[in-house]
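The values are calculated or read from the model by the stated rules, or taken from the named source; none is laboratory data. All figures in this text were calculated on a predicted structure; none of them were measured in a lab. Cβ placement follows ideal geometry from the backbone for every residue including glycine, while neighbour counts extend to all protein chains displayed.
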Amino acid sequence: MPSRRSARVHQHDPILYPGFGTAKDIQKLAADLSSSEESSSSQTLPVEAVEAIMKSRGRGLKTSEDAAPIISNAWASFMQEEGVGNTSSNNNNTTTGNSDKRKSPGRKADEDKVTPSADTSRVYLEATSNPNSSKATAGALVQTGTLDVTTVGRTKSTDVTAYHLTIPTILSLPRKIASVFTSCSAVHSIAVAQDGTCYGWGRNEAHQLTAQLPPNVYYPTELPCPPVQSAATGKSHTILLYQDGTLWAVGSNKSGQCGIKSKVESVPNFKSMPYEGTVQQITAGEDFTVVLSTEGVMYTTGSSEYGQLGNGETGEYFVTASKLAFANCQVLTPQTTFCYCPGEKLHTSSSEQKVVPLNEKIKIGYIAAGKHHTLAVEAASNQPSRVFSWGCGHYGVLGHGRVADEYFPRLIGVLPHVLSFSPEPPTVSAGAHCSLLQNNGHVYYWGQHRNNAEAVLRPQLVDVLAHNQHVVTHMAAGGQTVFCSTAAGQTVAWGQGPHGELGLENAKSSAKPTFVTKLDGCTVQSLACGYGHTLFVVEESTAKSFVTIEPDAVEELSNRQDKEPPAKKKKVSRK
């Protein structure tokens, strides 16, 4: 005889509700709740009310015209006691004979009605910590991938044995490292020591590591700057947040990504960014920068070609009859307009669906930039945090179920239906062509980071990790790689790693999450994926068996004449 769960999949009693619930289950639940009432048996609980309770999944009922029918039972009494659907006058008049004028759960009086987009019941909580501050102790700097930055994205290197780190390897430094920073489009990296000392290495052809260093820096070198708190890297520019709270930029400024309020194309040495306020977090895409203030307001500067600025436009115009250009931004500008799609369904989306503004003031608590797109997570509140995305929508990287650019931050409508409530807001990470979200230790993925894979247009649970009870604490996405580290000290990676950036030694690619065996038992303190390399900060006690590279080991690479990049073939570049 089959078990109860397997019997439910029969067509005569299909699963319709959360928790494998069927129509018979709802009818039985309605009957049980009605029979438990102390009131007369004639006042039964409608099936429609039970359906509304189940579909809310513990999130309560929305204030809309589709709220549950008027009922008189324990659920309605509880909702009334909690003040849902009742004005203060009704609460005050319960002793004067007006208590029989009970409203429907979730409904408000006509005079209190608001537009469906306005969320007047959301109350933001005060921030308890700074996302830039490292909660874990400092440790050793570990890298996998190439040290020969002249080859990444240009040509194949013949010095694989010497300069391609196919397994996680310690880069020896005199100070313990607290955090590492790089991005999916960056071939350079930043490491911040426990005392604020800043190290930089990688490609420096656009002075993204200052003009005081050579065009290619093959080993972490101390940068000439005051103590640093956090950093962000684009393809050819770098943003530093000093410990005194000021922002500084260096590198290419062709699109205004340095935000120095000037149209100069290059910033050879660190220059202050005009900004008033306290910085909570910084992130950067290929040619744009996003800054988040402690007040939850986002500021953007740089290229607007794909709508990365989130200001609703690309600023496209003709320079000549056959040449287009875009009105880029040269200074950090606040972006406060957020949108959503009222007609968006759970599994379908259309480019014809109308996107309208949210009529409320939204506070952001976390941001992450990919190559040409950005993700923003709402700050912690008394309700589940919402996630917004905008910019280039190729390969479904925005998670809206369609391949289209978004010029305003748009709510990812499917996430409220799939995420479980957590007092801590989710965190996000963005790669060149994919996005990641971590909630309650589970990771959701959308986009496409492998050329031969099918694009995922909506957030999808990485079930290989979830079903094996892995609690993910850190995650990152690079040019073609994805990494996740767990609380149990295990790290998995998948994607393409022609330069050894997967850390799988002999394997240059992996279609599914694969354990990085060299990192087994190592608690990752900080994780960042770049273009051609991956960075970690791990506890020194757990990395004793790692191979260590000293600065003089790459002396030959540093002293040789830099290779001239080959002529690029004309082809359609991938956004």
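Filtering region 515-546 to residues that are out of contact with any strand residue (DSSP E or B) (no Cβ under 6 Å at 6 or more places or on another chain) and of a type in the set (Ser, Thr, Tyr) leaves 517, 523, 531, 541, 542, 545.
Given the condition within 17 Å of residue 369 (Cβ to Cβ) and aliphatic (A, V, I, L, M), answer yes or no: does some residue in region 196-216 qualify? No: zero hits.
When you check residue 232 against the structure, is it under 25 Å from the mean Cα position of the chain (by Cα) and closer than 25 Å to residue 152 by Cβ, yes or no? So that I can check it myself, show each step before the final result.
On the way: under 25 Å from the mean Cα position of the chain (by Cα): yes; closer than 25 Å to residue 152 by Cβ: yes.
Taking the combined requirement at face value, the residue satisfies it.
Restricted to region 391-412, and to residues that are within 20 Å of residue 304 (Cβ to Cβ) and in contact with a Lys or Arg (Cβ under 6 Å, 6 or more places away or on another chain), which residue is surrounded by the fewest Cβ atoms within 10 Å (Cβ to Cβ)? Filtering first and then ranking leaves 394.
Considering only residues that are among the small types (Gly, Ala, Ser), more than 19 Å from residue 173 (Cβ to Cβ) and over 23 Å from the mean Cα position of the chain (by Cα), look in region 504-546 and name the one that is surrounded by the most Cβ atoms within 10 Å (Cβ to Cβ). Only one residue tops the list, namely 509. Only a single criterion out of (1) out of contact with any Pro (no Cβ under 8 Å at 6 or more places or on another chain); (2) at negative phi is not satisfied by residue 494, namely (1). Residue check: is residue 205 surrounded by fewer than 22 Cβ atoms within 10 Å (Cβ to Cβ), touching a strand residue (DSSP E or B) at 6+ places or on another chain (Cβ under 7 Å) and either in contact (Cβ under 8 Å) with a residue 60 or more places away in the chain or within 26 Å of residue 287 (Cα to Cα) (or both)? It is false that residue 205 is surrounded by fewer than 22 Cβ atoms within 10 Å (Cβ to Cβ), touching a strand residue (DSSP E or B) at 6+ places or on another chain (Cβ under 7 Å) and either in contact (Cβ under 8 Å) with a residue 60 or more places away in the chain or within 26 Å of residue 287 (Cα to Cα) (or both).
Output yes when any residue across region 311-318 is touching a residue at least 12 places away in the same chain (Cβ under 8 Å), touching a Lys or Arg at 6+ places or on another chain (Cβ under 8 Å) and either crowded, with 20+ Cβ neighbours inside 10 Å or within 24 Å of residue 431 (Cα to Cα) (or both), and no when none is. Working first, answer last.
Kept after step one, since they are touching a residue at least 12 places away in the same chain (Cβ under 8 Å), are these residues of region 311-318: 311-315.
Restricting the remaining residues to those that are touching a Lys or Arg at 6+ places or on another chain (Cβ under 8 Å) gives none.
No, region 311-318 has no match at all.
Across region 287-309, the number of residues qualifying as of a type outside the set (Phe, Trp, Tyr), in a loop (DSSP other than H, G, I, E, B), more than 16 Å from the chain's Cα centre (by Cα) and surrounded by 22 or more Cβ atoms within 10 Å (Cβ to Cβ) comes to 6.
For region 258-278, which positions are in contact (Cβ under 8 Å) with a residue 60 or more places away in the chain and either under 14 Å from residue 230 (Cβ atoms) or in a loop (DSSP other than H, G, I, E, B) (or both)? Before you say what the answer is, go through the steps one by one.
Taking region 258-278 and keeping what is in contact (Cβ under 8 Å) with a residue 60 or more places away in the chain, we get 259-263, 266-270.
Within region 258-278, 259, 260, 261, 262, 263 qualify.
Take the conditions (1) within 23 Å of residue 293 (Cα to Cα); (2) surrounded by fewer than 23 Cβ atoms within 10 Å (Cβ to Cβ); (3) of a type in the set (D, E, K, R); residue 371 misses just one of them, which is (2).
For region 16-53, filtering for residues that are modelled with pLDDT under 65 and part of a loop (DSSP other than H, G, I, E, B) leaves 11. Candidates in region 247-281 are the residues that are polar (S, T, N, Q) and in contact with a Leu (Cβ under 9 Å, 6 or more places away or on another chain); of these, the one that is surrounded by the fewest Cβ atoms within 10 Å (Cβ to Cβ) is 272.
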